[in-house]
Amino acid sequence: MNRLLVAGLLALTCLAGCVIAPGPAERTPDGLVRRQSTRVDSLYAAPGVSLAKYRRVMFDNLDVGFKPDWQARNPQVPVDDITAVRHGAVSMFREEFAQALAKGGYTVANAPAADVLRVNASVVDLDVVSAAAGDTGPGYIVSTADMSLVAELRDSQSGAMLARVADRRQGRNQGNLQLSGQAAQTADARAAFAAWAGYLREALDEARKPPPK
């Protein structure tokens, strides 16, 4: 009987743990509040602040990053190769994001102003994996299996944080990238970054929507 009682208590404890498992935080340490979104995985915005007035965008920083342990798992891949890939990819990301913004009715600004939104965006957690047998490239490819898009939106004049966006699904639809050190000359890579830039613009659109009442 005691064994049955203990087993029952353990089961209830497990069930209770499952029920009260914490979900996404409703508020970030810097005061942003979580908003429901059907377009991106995660959207946090400053409460009571509208982004509707922002029609121009200033690039604060655009970056492309690999997993921290890529080199430990791929010692045969030269660091200079990955550095060249990153530099080419960042340039490509900037070009494609500017074009995606133009299609959405935004313009790119070079200086702060009342209607200028400052964007800090990254493609993160790209990975390096061995290329398939018979591949004529450098022997590795860049995998998007775990990649994420992340962005922070700030007022360009005050630097106030207005929104933070993250998405782990959209960019993965592009598949692996056949990249070499000349990343900017790779048509497949440009198409992928064009798609990611489009997703980032959609995230910007989503953040500019008025919060639900």
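A few points about this structure:
- Among the criteria (1) within 21 Å of the chain's Cα centre (by Cα); (2) aliphatic (A, V, I, L, M); (3) surrounded by fewer than 17 Cβ atoms within 10 Å (Cβ to Cβ), the one A52 does not fulfil is (1).
- Top-ranked residue in the stretch 18-46 [being over 22 Å from the mean Cα position of the chain (by Cα) and either within 27 Å of A100 (Cβ to Cβ) or in a loop (DSSP other than H, G, I, E, B) (or both); ranked as modelled with the highest pLDDT]: P22
- Test for F93: is it within 20 Å of the chain's Cα centre (by Cα), aromatic (F, W, Y), surrounded by 14 or more Cβ atoms within 10 Å (Cβ to Cβ) and in a strand (DSSP E or B): no
The values are calculated or read from the model by the stated rules, or taken from the named source; none is laboratory data. Values in this document were obtained by computation on a predicted structure and should not be read as measured data. When we count neighbours, we look across all protein chains shown, and the Cβ atoms used for this are built from the backbone with ideal geometry, even at glycine.
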